[in-house]
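Visitor: Input: one structure, supplied below.
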Amino acid sequence: MSNERGQFSSRFGFITAATGSAVGLGNIWGFPTQTASHGGGAFVLVYLVLAFLLAYPALMAELIIGRHTRHNMVRALPQLTTRPALKMFGRATGLYGVLVASLILSFYAIVAGWLMAQVPAALVNITGQPADTNWFAQSSLIRDSLFCALFSVLTAAIVARGVKDGIERWSTRLMPALVLLMLGLVATVLTLPGAMEGLRLYVVPDFSLITNPSLLTSAMGQAFFSLSLGVGTMLIYGSYVSKTDNLPLTGAYVALIDTGIAFLAGLLIIPAMFVARHRGIEIYSDENTLIAGPDLILQTLPELFNSLGFVGAFIGLIFFLLLSIAALTSSISMLEVPVTFALEQFKISRPRATGLVASIIFGISLLILFNVEQLFGTVVTATTKYSQPLLGVMLCLFAGWVLHRDKLLGEISEGFAGAKESLFWKIWPGYIRVVCPLLIIIMFVQNIRG
């Protein structure tokens, strides 16, 4: 069965795959819209701090457990202990993680379908066809279902090919393309009138907003969601990492690249909003806050692209192609969580496990689509705002308290000969035991009360 699961062939392969998992709509859609909703630069500053204080330590907990156990989350956590009660609790936590990952992918595929539909919509605009006859640009149950299905098939096709030939191969192709496209768009947008006003809002924080509980909890949730933490994605990827790799250094690369691309996405979208304002497009809601969420990505920015004529249509095409690539690199990691569980639990082939799991998740996506007003927001909130931080706490506690300290040091020392004398080992074990879980719980309680 280990052959079915596979292993990354190189550190670069792991970094691109793990960064691809982290760099998705959470970065390119979620981060800029959260920034727009929470005062611009203040949110950016808090996010960067929390990415270092909470997200990176939690990321290392998942990677270490994954590489140490070489199993999915359901089997990995019970393997860390000999106590029956803890084994049962670990298995329940793992099963909940698989469920949450599947639910996240079910709404993620819907959003990705919306964005993929905008690629042919932009192509139609380039050909000069009137926007009001553009079927791709207008949301409908048929269009949304078809593109959700297309995205689900693409995701499943990559995962079915395995770790090296599927996930790693496509991540090493898609991630460099994503970064190049984003850099090109940022360079273009920052030259347009109005961009500098948005840039100031983005990089100059209003320090009076930094202690706002809503901003703090949103920044924490964004850090966890953008790094795919809590649901076992990074634990699974950690189980595919070679024993010769330096895990603390490799994890730092992933966290830094993910944070950098999130910042780059904001550098693109926030100035683009003020370019839109300069051209007469409304970017503030009735509550006098910057428009965020689907209205920003699917209405405000397309209006901007349309107002720029042929050049704008071409920018729109690249922008939505960029979002589609980002969505795909994340979705393959999310699908890998339940697929690996099915592989190890039911001893079936990878293609069969992938087809079965992807079909079930697509069925949930259709259920949400047919009841979008009632279910979409509920599923998003339950999974990303509440479940991911709680699962993150559990994984921190298992790494810090359940996994024996000698085994912990032994796993970190694989590929990192000087681990025992390193600053990482002097700080991280105690930090992951007490500080990290406590900070997450405090912010989670504030979120519930707020």
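The values are calculated or read from the model by the stated rules, or taken from the named source; none is laboratory data. All of these numbers come straight from a predicted model, not from anything done at the bench. Cβ coordinates were reconstructed from backbone atoms using ideal geometry, including for glycine residues, and neighbour counts include every protein chain displayed.
Visitor: State whether the residues of region 100-109 include one that is closer than 15 Å to residue 395 by Cβ and either assigned to a helix (DSSP H, G or I) or in contact with an Asp or Glu (Cβ under 6 Å, 6 or more places away or on another chain) (or both).
Guide: We begin by selecting, within region 100-109, every residue closer than 15 Å to residue 395 by Cβ; these are 100-101.
Filter once more, keeping what is either assigned to a helix (DSSP H, G or I) or in contact with an Asp or Glu (Cβ under 6 Å, 6 or more places away or on another chain) (or both): 100-101.
There is at least one residue in region 100-109 that is closer than 15 Å to residue 395 by Cβ and either assigned to a helix (DSSP H, G or I) or in contact with an Asp or Glu (Cβ under 6 Å, 6 or more places away or on another chain) (or both).
Visitor: Still on this structure: For residues that are touching a residue at least 60 places away in the same chain (Cβ under 8 Å) and surrounded by fewer than 21 Cβ atoms within 10 Å (Cβ to Cβ), tally how many sit in region 405-418. Walk me through it before giving the result.
Guide: Narrowing region 405-418 to residues touching a residue at least 60 places away in the same chain (Cβ under 8 Å): 407-408, 411-412, 414-416.
Filter once more, so that each one left must be surrounded by fewer than 21 Cβ atoms within 10 Å (Cβ to Cβ): 407, 414-416.
Total meeting the criteria: 4.
Visitor: Pick from region 139-164 the residues that are at pLDDT 85 or above and more than 20 Å from residue 106 (Cβ to Cβ): which of them is surrounded by the most Cβ atoms within 10 Å (Cβ to Cβ)? I'd like the intermediate steps shown before the answer.
Guide: First, pick out the residues of region 139-164 that are at pLDDT 85 or above: 139-163.
Those left that are additionally more than 20 Å from residue 106 (Cβ to Cβ): 161-163.
Details: 161: 18, 162: 18, 163: 25.
Among those that are at pLDDT 85 or above and more than 20 Å from residue 106 (Cβ to Cβ), it is 163.
Visitor: Got a number for residues in region 77-120 being in contact (Cβ under 8 Å) with a residue 40 or more places away in the chain, farther than 19 Å from residue 141 by Cα and not small (Gly, Ala, Ser)?
Guide: Step one: filter region 77-120 for residues in contact (Cβ under 8 Å) with a residue 40 or more places away in the chain, giving 77, 80-81, 86, 90, 93-94, 96-98, 100-112, 114-116, 118-119.
This time we only want the ones that are farther than 19 Å from residue 141 by Cα, so: 77, 80-81, 86, 90, 93-94, 96-98, 100-104.
Filter once more, so that each one left must be not small (Gly, Ala, Ser): 77, 80-81, 86, 93, 96, 98, 100, 103-104.
Final tally of qualifying residues: 10.
Visitor: Taking the stated definitions as given, is residue 296 in a helix (DSSP H, G or I) and closer than 21 Å to residue 398 by Cα?
Guide: Criteria not met by residue 296.
Visitor: I would also like to ask the following. Is region 333-348 home to any residue that is part of a helix (DSSP H, G or I) and farther than 27 Å from residue 158 by Cβ? Don't jump to the end; show me each part of the working.
Guide: Filtering region 333-348 down to residues part of a helix (DSSP H, G or I) leaves 333-346.
With farther than 27 Å from residue 158 by Cβ added as a condition, the list becomes none.
Within region 333-348, none of the residues are part of a helix (DSSP H, G or I) and farther than 27 Å from residue 158 by Cβ.
Visitor: Could you tell me which of the residues 189, 153, 163 is of a type in the set (Val, Ile, Thr) and in contact with a Ser or Thr (Cβ under 9 Å, 6 or more places away or on another chain)?
Guide: Working: 189 fails: in contact with a Ser or Thr (Cβ under 9 Å, 6 or more places away or on another chain); 153 fails: in contact with a Ser or Thr (Cβ under 9 Å, 6 or more places away or on another chain).
Only one candidate passes the filter, namely 163.
Visitor: If the requirement is being surrounded by fewer than 16 Cβ atoms within 10 Å (Cβ to Cβ), under 19 Å from residue 231 (Cα atoms) and among the β-branched types (Val, Ile, Thr), which of these qualifies: 432, 427, 448, 441? Before the answer, list the steps.
Guide: Details: 432 fails: surrounded by fewer than 16 Cβ atoms within 10 Å (Cβ to Cβ); 427 fails: under 19 Å from residue 231 (Cα atoms); 448 fails: under 19 Å from residue 231 (Cα atoms).
Every option except 441 fails the conditions.
Visitor: Let me ask something else about it. Restricting attention to region 189-230, which residues are surrounded by fewer than 17 Cβ atoms within 10 Å (Cβ to Cβ), more than 25 Å from the chain's Cα centre (by Cα) and within 29 Å of residue 329 (Cβ to Cβ)?
Guide: Correct list: 190, 191.
Visitor: Check every one of the helices (runs of 4 or more DSSP H) wholly within region 351-443 and list those with 3 or more residues that are out of contact with any Pro (no Cβ under 9 Å at 6 or more places or on another chain) and under 30 Å from residue 111 (Cα atoms).
Guide: Details: elements: 372-380, 388-397, 405-413, 423-430.
Output list reads 372-380, 388-397.
Residue-wise test of (1) surrounded by fewer than 16 Cβ atoms within 10 Å (Cβ to Cβ); (2) farther than 24 Å from residue 24 by Cβ; (3) in contact (Cβ under 8 Å) with a residue 40 or more places away in the chain.
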residue: 289; (1), (2), (3): yes, yes, yes
residue: 296; (1), (2), (3): no, no, yes
residue: 299; (1), (2), (3): yes, no, no
residue: 302; (1), (2), (3): no, no, yes
residue: 307; (1), (2), (3): yes, yes, no
residue: 311; (1), (2), (3): yes, yes, no
residue: 315; (1), (2), (3): no, no, yes
residue: 320; (1), (2), (3): no, no, yes
